[in-house]
Amino acid sequence: MEILVRNYLRGTVFLAIIACLLWASAFAVIKIGLQYTTPLRFAGLRFMLAGLMVLPLVGSYHTAFQYIRNNFRLVLLIAFLQTFVQYTLFYSGLNLVPGALGAIIIGAGPLFIAFTAHFFMPDDKLTLPKLGIIFMGIAGIAMVSLSNVSGKETGNLIFIGIILLFLTNINAGFTNVVIARDAKHIPPLILSSSSLIIGGVLLFLVSLPAEGFSFTIPPLTYYLSIIWLSFLSAAAYSIWNFLLQRKEVKVSALNMWKFIIPVFGAILSWILIPNESPDLVSIAGITITAIALVLFNRQNAIQSKDPAI
């Protein structure tokens, strides 16, 4: 039994890393796609297509419809929060702040999620050692981000952008808690498909009056970017919803792995973009972030009285 538990936990970590690596790959691809369209419309089409990609995997459509109909308010709430609100705030805020500052604020997401879980999940309390380790991870993300400062300035609008990005983190924490606490009875693929499609439709509809409408035929790179982004959203959100619904998984511990998203995003930039390369500060930041992840998992192991985790 002990071996099975350990294998299960390793599987959770592996899947969490896969989901975060998929999300990390999105940053560069989003920049490609946004050359040819507007942010909300691009996001709406991306998530609608992602939901449709998951749809054939849900099994019986009749059963899926029954789950959605019986839990429509909850599915609609998750779609509204996880897709529509999250990405409206994210795109709007990121557009108003320097790239490095945005990466630091979003990189602090696990802290907001840990606080949310502390108040809404009785078995996921935030301790002082955990809090210190989370701040350590944020420091690592800050070092990686500040070593890649773009110099973009937007004056007084930066303050509004900061608020929007903080709201993005708060919304992410609340959404994770809702899924972990209230949606365990809905199969993950059904939840992912329905929430992505509904959220994508909402984003697309809002984009029409907010961003205007013009029709052009974009080049092949646009279609390749939206296909990849849709695939990674379909896979990553399905994995994440599946992990959040696991009884033994704690919301705060799972979301610590999101620290690797900006780190891996920076590494991809160094590999793929000719003019970007790592420096001593960014390497130190990556090292600090890695140590924070190890310490956080070690702290969870101590609390679970299983030092082998």
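We did not get these values from a lab; they are worked out from the coordinates using the rules stated. This structure is a prediction, so every number in the text was calculated from the model and none was measured. Here the Cβ positions follow ideal geometry from the backbone for every residue, glycine too, while neighbour counts run over all protein chains shown.
Report ³J(HN,Hα) in whole Hz for each residue of segment 60-75, in order, from the Karplus equation J = 6.51 cos²θ - 1.76 cosθ + 1.60 where θ = phi - 60°; Gly and Pro get x.
Taking θ as phi minus 60°, the curve returns 5, 5, 5, 5, 4, 4, 4, 4, 5, 5, 6, 10, 4, 4, 5, 4 Hz for segment 60-75.
Rounded to the nearest Å, what's the spacing between the alpha carbon centres of segment 204-267 and segment 46-120? Just the number, please.
That distance is 9 Å.
Along the Cα-to-Cβ line of Phe65, 7 Å from the Cα, sits a label point; which residues in segment 191-231 have backbone N less than 20 Å from it?
Hits in segment 191-231 for Phe65 at 20 Å: 191-199.
What distance in nm lies between label points placed 7 Å from Cα along the C-beta direction at Ile170 and Lys247?
Here the modelled spin labels are 3.4 nm apart.
Just subtract the alpha-carbon distance of Glu211 and Phe120 from 0.36 nm times their residue separation and send over the number in nm, one decimal.
29.1 nm
Given the Cα-Cα distance of Tyr36 and Ile163 and 0.36 nm per residue of separation, how much length would full extension add, in nm?
42.9 nm
Sorted by average packing, counted as other Cβ atoms within 10 angstrom per residue and highest first, what order do 281-293, 73-85, 207-219 take?
Ranking, from highest mean packing down: 73-85, 281-293, 207-219.
Apply the Karplus curve 6.51 cos²θ - 1.76 cosθ + 1.60, θ = phi - 60°, to the phi angles in segment 172-184 and return the couplings in whole Hz, x for Gly and Pro.
Once rounded to whole Hz, the list reads 4, x, 5, 5, 4, 5, 4, 5, 5, 8, 10, 10, 5.
Apply the Karplus parameterisation 6.51 cos²θ - 1.76 cosθ + 1.60, with θ equal to phi minus 60°, to every residue of segment 162-169 and state each ³J(HN,Hα) to the nearest whole Hz, in sequence, with x for glycine and proline.
Ordered by residue, 3J(HN,Hα) equals 4, 4, 4, 6, 5, 5, 4, 5 Hz.
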